[in-house]
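Below you'll find the structure, written out as structure tokens, and then a few comments.
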Amino acid sequence: MPTDRRRTRPDLGAVAVSGLATCAWYAVPDVVPGRGRRALVKTAVLLTGITLGVAVTREGRQARSGLRAAQRDDPASRHDADAPAGVPDEATDVPADDATAVPPSVAVAVLGTGLVLTGVLTVAGERWLYRRAEAMRARGVRAPHTRVGLVMGGVAAALAALDPPLAQSPAAPAR
């Protein structure tokens, strides 16, 4: 099966944004005193990372393109006078007899559990890294949070480089 080399290369925008935003996130305690101020600066780092991600990454361009296409195709945005009100869109209807459909309550429970676990693990990891950097500071290491940020930024950049685009990663057929 032929492959398109252009699409298999890492998205350099995603690699750069991931690495730089992660490094900046972890370096904040070395630059900004006070917990409240750090929260504000970290919020700015997060929003800047998201904005840059949408602006310069392959997935960001695809998302913007999809949003524009959806806005063009949305009957509600065209204000069609002849479109009957209350008529469901066939593209979003789910057949009632679909035996493989997951009940909404199960989907909500699974997604909610996943979000809670992700949040708990993220906070635990962040606290652990912060304590390690503070221990380094106590030993006299200069800019310990920045050092942690450089390592974590490198990890984030490497993961972004290895992450295949969703459209390019079909499930492998069972043999």
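Quick notes on this structure:
- Cα gyration tensor shape of the stretch 118-164, rounded if a/c is under 1.5, else prolate or oblate by comparing a/b with b/c: oblate
- Vicinal HN-Hα couplings computed from phi for the stretch 131-140 (Karplus, 6.51 cos²θ - 1.76 cosθ + 1.60; Hz; Gly/Pro x): 4, 4, 5, 5, 5, 5, 4, 5, 7, x
- Sorting 138-146, 17-25 by their mean Cβ neighbour count within 10 Å, with the most densely packed peptide first, gives 17-25, 138-146.
Bear in mind that the values in this text are calculations on the coordinates, not laboratory data. Note that the coordinates shown come from a computational prediction; the quantities given were computed from them, not determined experimentally. Methodologically, a virtual Cβ is constructed for each residue, glycine included, from the backbone with ideal geometry; neighbour enumeration extends over all protein chains shown.
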